[in-house]
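One structure is given here, and the rest of the page talks about it.
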Amino acid sequence: MSETVKHAETTPEVQQPWRELGLKEDEYARIREILGRRPTSAELAMYSVMWSEHCSYKSSKLHLAQFGQKAPKTDALLVGIGENAGVVDIGQGWAVTFKVESHNHPSYVEPYQGAATGVGGIVRDIMSMGARPVAVMDPLRFGPADAEDTRRVLPGVVAGIGGYGNCLGLPNIGGEVVFDPSYAGNPLVNALCVGVVRHEDIKLAFASGRGNLIVLFGAATGGDGIGGVSVLASETFDDAHPTKRPAVQVGDPFMEKVLIECCLEVFAADLVVGIQDLGGAGLSCATSELASAGDGGMTVWLDRVPLRDSSLAPEEILMSESQERMCAVVEPAKLDAFLDICAKWDVLATVIGEVDDSGRLTVQWHGDTIVDVPPRSVAHDGPVYERPFARPSWQDALQADDPSSLPRPTSGDELRATLLQMVAAPNLASKSWVTDQYDRYVLGNTVLAQPEDAGVIRVDDETHLGVALATDGNGRFAKLDPYAGAQLALSEAYRNVAVSGARPLAVTDCLNFGSPEDPDVMWQFAEATRGLADACLELGVPVTGGNVSFYNQTGDAAINPTPVVGVLGVVADVRRRVPIGFGAADEVVLLLGEARDELGGSEWAHHVHGHLGGLPPRVDLAAEKALGALMAAAADDGLVTAAHDVSDGGLAQTLVEMVLRRGVGASVTVDDVAGDAFVALFAESVARAVVAVPADRVADLEASASSYGVPVTRLGNTGGETLVVQGVLTVAVDELRAAHEGTFPALFG
Amino acid sequence: MRVGVVTFPGSLDDADARRAVRLAGAEPVALWHADADLHGVDAVVLPGGFSYGDYLRCGAIARFAPVMEPLVEAAHGGLPVLGICNGFQVLCESHLLPGALIRNDHRKFNCVDQALVVESTATVWTSGYATGQRIVVPLKNGEGGYVADEKTLDGLEAEGRVVVRYAGGNPNGSYRDIAGISNERGNVVGLMPHPEHAVEDLTGPSTDGLTFFTSALKAVVGV
């Protein structure tokens, strides 16, 4: 039996393990103040997990508020920050909901299950908005590619993402794979999901209507993901109780697939008042969030929760992060219909509670009250920290150490060797070893997928309406200047969506940082959020939701600050999407935008010299906006047959990828691009793209570019079986392909 | 012509198969695993996916689904049946086709645009192709290695029942590069690659897969 409220009232002196549960002394005192007594062990468990950094955003809240305060005016946002995921209007009565989240720490401990359940969790977030999930993407970061631990973590993470996502039937349409020593021991596994929903079908997480029922459906509850809370169980129970619970959850994608279909059928039949997924903090989170967003209170009969392990203590049931579970609020008159649909899909469904007008969340355990709290105090009134931050003492020295003194290749032979070295660099090499383990075809609506600049999904078969998505983030840039680094992440994702022929609409972000208790890291975080909020305002794309992941560090060594930014765009007619590959010979190759001698934080400095210093490329959001507008117009008018952004690895990498995509070569000159051939080929200046244009449309494109104020440089023509940079180098397509595609198989088998 | 597409719990490419049927000019009919009734359809597609999670041997549970009883009987009677990927695995488990599908030899899930050679056009599902025609359709699976004993393999080849063979390299260790086979009568065909994902220029690597569906339409209604 568990400790009752009555018992807690009469034993105020009992020592409780609040410190072991991660609470601070003042937080524990505040819980006592809220309740007017000491918490029961179940209440303590709920507060401790809901007031954790992961659930309460206590260190980041103050900074994240800028995303609301500085949000650009837009009519596109139907549901903003605070719900399970933001919802964006894409026209024709369709809406899209999308969000990126981290599953970093579990993926280091147990790569396969950590990554798999990361996919599962974000998919349920999307489902809880009433949407059908239609695609996933995975931005990943690992330690050095040749490090032994990377060989453990990466294959496991990729297999986990594939094993779960493939079985779920969601196409994986993009993402990133980036290596840097700063991620050794702290890999980043971010997962993004996008779903579509008709405007009238959007669902929200709230429990209203006295007498309505709380139905838990999906998998039974087990002991997985309980982690730290086992300390309570071992304190409360005798030795016979299993004490050590696994901290990493285990996923069952088949259950999630039937849960998706079951939910969609339930939504279509209009059988729920509110819905919430069970993710971090399990039932504690779902019940307190549903109740506090509703208009009354809630009673939960915890002993009715179906269990996989009958020895679980009530505290553990409240904490369990068992996967593939959802909570619905259902009117009593609709309960039978709801349960019928669950039975059709063989999904376990159990009434575990009821909405009431008490204003309290109470949890009963075999007739005893073990939790009696104001739900808002658990879900929303957690502590808010004003963490101290200060510009790191080393920041100036880092910025002063610019790459100008690094030896640069000058001769044709040197440049040719550098180009081949770069296209084979782990960060620039073909990622097909990874992405071929993901199903990109399922659902039959994938118009573009990796290695394209953006994933593009058809939403409507009849009207050809679609959406485009890209995620980007450059931790090296953010380390050099976190304000600019966050803006550059947005800038690149925005560009990737725009060059694919889409109009950028909204943003989701996953902010991966070290410990917020370190003022250096907190400064990086403050700068990055400020930079991102400012840039979102200027580009007119609001942040609709996302996630913060702190404590990505080993000892005192934090990861490079890594804001990963996802941009969603709308494509009015997916038949006009623009692929990256040259498709035919004798088309004209043009560079849009301007290059400068910008190599600070570049892939060249990193890969060739192991150097990180100086300043990142200059942010130019106005130029980015102009390029985006030009590309949208060019796609509408069918002016370009291929387009690819210039970013990591510079113009050289862009040209190589355009050539390799479909095996059509090109001959170009870079004499008019920048100061010298090296800068022209490897600088990473922003707001640039290479396009291929049929010869008879070049004048039209140039006129359009001029009207948007985008500089145009003629590079050359497509065709042949080589990439020629006139007067500099010539490489056969086959040789490029061998270099570009050989790296991953050599590293990972 | 009405073509049934069976949905098992865990089927993933059922909607895609229905779309392919529609694009071929036939009427797709959704069939449910728990309903032991084919509702008078003229042909059936068993789609790709992970029926029942495929936690046991792939397709091993699906073969016991109620819908399989009338399906197996009708297939013996000549009903055109196409099993794609998981559907192929179900057909093997149901003994409508010989052999079995095992884990890829490289132990990874593999999603690629796969070149195939159509070797038999004597089936209901491939009559629209030319013998020896090279096509490209997506292949995506973790357990796509086709295996059978030597005698069975010799028999399949001797009887012209190897319908499609992998070209340009064997992607998964399938014996004799076999990608798909048929029964003796040619009405039941199973293959690991996904013709239903190659029916539109917009979403597939080609439209080569459409001919599977138009072939069946022609065989049934004679147009």
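So here's what we get for this one:
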| quantity | calculated |
| --- | --- |
| Residue list for the stretch A:449-471, filter: among the acidic types (Asp, Glu), surrounded by fewer than 24 Cβ atoms within 10 Å (Cβ to Cβ) and in contact (Cβ under 8 Å) with a residue 24 or more places away in the chain | A:Asp460 |
| Residue check, B:Asp16 touching a helix residue (DSSP H, G or I) at 6+ places or on another chain (Cβ under 7 Å), more than 14 Å from chain A (Cβ to nearest Cβ), in contact (Cβ under 8 Å) with a residue 24 or more places away in the chain and acidic (Asp, Glu) | no |
| Which numbered condition A:Pro181 misses (of (1) over 25 Å from A:Ala493 (Cα atoms); (2) without any contact (Cβ under 8 Å) to a residue 40 or more places away in the chain) | (1) |
| Matching residues in the stretch B:172-202 - criterion: being closer than 18 Å to B:Arg134 by Cα and surrounded by fewer than 23 Cβ atoms within 10 Å (Cβ to Cβ) | B:Arg176, B:Asp177, B:Glu200, B:Asp201 |
| The stretch A:622-658: number of residues that are of a type in the set (A, V, I, L, M, F, W, C) and open to solvent by 10 Å² or more (accessible area, probe 1.4 Å) | 7 |
| Matching residues, the stretch B:37-52, being open to solvent by 10 Å² or more (accessible area, probe 1.4 Å) and either basic (Lys, Arg) or out of contact with any Leu (no Cβ under 9 Å at 6 or more places or on another chain) (or both) | B:Gly40, B:Tyr52 |
| Residue in the stretch A:623-635 that is at pLDDT 95 or above, touching a Pro at 6+ places or on another chain (Cβ under 8 Å) and in a helix (DSSP H, G or I) present | yes |
| Residues of the stretch A:636-658 satisfying the condition of being of a type in the set (A, V, I, L, M, F, W, C) and within 19 Å of A:Phe477 (Cα to Cα) | A:Val646, A:Leu651 |
| Condition met for A:Ala116 (away from every other protein chain (no Cβ under 14 Å), among the small types (Gly, Ala, Ser) and open to solvent by less than 10 Å² (accessible area, probe 1.4 Å)) | no |
| Some residue of the stretch A:97-112 being more than 17 Å from A:Ser549 (Cβ to Cβ), open to solvent by less than 10 Å² (accessible area, probe 1.4 Å) and not in a helix (DSSP H, G or I) | yes |
| Cross-chain or 6+ apart pairs with Cβ under 7 Å, the stretch B:142-153 first and more than 14 Å from every other protein chain (Cβ to nearest Cβ), then crowded, with 21+ Cβ neighbours inside 10 Å and among the polar types (S, T, N, Q) | B:Gly145/B:Asn172; B:Gly145/B:Ser174; B:Tyr146/B:Ser174 |
| In the stretch B:43-81, the residues that are touching an Asp or Glu at 6+ places or on another chain (Cβ under 9 Å) and under 13 Å from B:Val3 (Cα atoms) | B:Val45, B:Pro47, B:Leu79, B:Pro80 |
| Residues within the stretch A:711-728 that are open to solvent by 10 Å² or more (accessible area, probe 1.4 Å) and under 28 Å from A:Arg618 (Cβ atoms), tallied | 6 |
| Residue in the stretch A:306-321 that is open to solvent by 10 Å² or more (accessible area, probe 1.4 Å), over 26 Å from A:Ser208 (Cβ atoms) and not in a loop (DSSP other than H, G, I, E, B) present | yes |
| Odd one out for A:Ile34 among (1) in contact with a Ser or Thr (Cβ under 6 Å, 6 or more places away or on another chain); (2) open to solvent by less than 30 Å² (accessible area, probe 1.4 Å); (3) part of a helix (DSSP H, G or I) | (2) |
| Within the stretch A:271-283, tally of residues that are surrounded by fewer than 24 Cβ atoms within 10 Å (Cβ to Cβ) and in a strand (DSSP E or B) | 1 |
| Members of the stretch A:344-397 that are under 28 Å from A:Met255 (Cα atoms) and either open to solvent by 60 Å² or more (accessible area, probe 1.4 Å) or part of a loop (DSSP other than H, G, I, E, B) (or both) | A:Lys344, A:Trp345, A:Asp346, A:Val347, A:Leu348, A:Glu354 |
| Restricting the stretch B:39-56 to residues that are touching a Gly at 6+ places or on another chain (Cβ under 6 Å) and away from chain A (no Cβ under 14 Å), the residue that is farthest from B:Leu79 (Cα to Cα) | B:Leu46 |
| Failed item in (1) under 21 Å from the mean Cα position of the chain (by Cα); (2) within 27 Å of A:Val571 (Cβ to Cβ), with A:Ser430 passing the rest | (1) |
| Selected residue (criterion: least open to solvent (accessible area, probe 1.4 Å)) from residues of the stretch A:419-448 that are at the interface with another protein chain (Cβ under 10 Å from one of its Cβ atoms), over 18 Å from A:Val194 (Cα atoms) and assigned to a loop (DSSP other than H, G, I, E, B) | A:Gln437 |
| Search result, residues across the stretch A:489-514 that are open to solvent by 10 Å² or more (accessible area, probe 1.4 Å) and either closer than 16 Å to A:Ala478 by Cβ or aliphatic (A, V, I, L, M) (or both) | A:Glu492, A:Leu505 |
| Matching option when the condition is open to solvent by 30 Å² or more (accessible area, probe 1.4 Å) and part of a loop (DSSP other than H, G, I, E, B), among A:Pro39, A:Pro72, A:Pro12, A:Pro17 | A:Pro12 |
| Some residue of the stretch A:177-185 being under 14 Å from the mean Cα position of the chain (by Cα), surrounded by 24 or more Cβ atoms within 10 Å (Cβ to Cβ) and not assigned by TED's automatic domain parsing to the domain that holds A:Thr743 | no |
| One residue from A:Arg618, A:Arg697, A:Arg596 being part of a helix (DSSP H, G or I) and open to solvent by 10 Å² or more (accessible area, probe 1.4 Å) | A:Arg697 |
| Residue among A:Ala268, A:Ala286 that alone is modelled with pLDDT of 85 or more, away from every other protein chain (no Cβ under 14 Å), more than 26 Å from A:Tyr108 (Cβ to Cβ) and surrounded by fewer than 24 Cβ atoms within 10 Å (Cβ to Cβ) | A:Ala268 |
| Matching entry among A:Ile126, A:Ile173 (being within 18 Å of the chain's Cα centre (by Cα), away from every other protein chain (no Cβ under 13 Å) and of a type outside the set (Phe, Trp, Tyr)) | A:Ile126 |
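For (1) in contact (Cβ under 8 Å) with a residue 60 or more places away in the chain; (2) in contact with an Asp or Glu (Cβ under 7 Å, 6 or more places away or on another chain), each residue gets a yes or a no:
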{"site": "A:Pro12", "(1), (2)": "no, no"}
{"site": "A:Trp18", "(1), (2)": "no, no"}
{"site": "A:Ile34", "(1), (2)": "yes, no"}
{"site": "A:Ala42", "(1), (2)": "yes, yes"}
{"site": "A:Lys61", "(1), (2)": "yes, no"}
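The values are calculated or read from the model by the stated rules, or taken from the named source; none is laboratory data. Note that the coordinates shown come from a computational prediction; the quantities given were computed from them, not determined experimentally. Don't worry about glycine lacking a Cβ; one is built from the backbone with ideal geometry, like all the others, and counts go over all protein chains shown. Side chains are part of the model used for accessible areas, which takes the heavy atoms of the whole protein and leaves out ligands, DNA and RNA. Shrake-Rupley method; radii C 1.70, N 1.55, O 1.52, S 1.80 Å.
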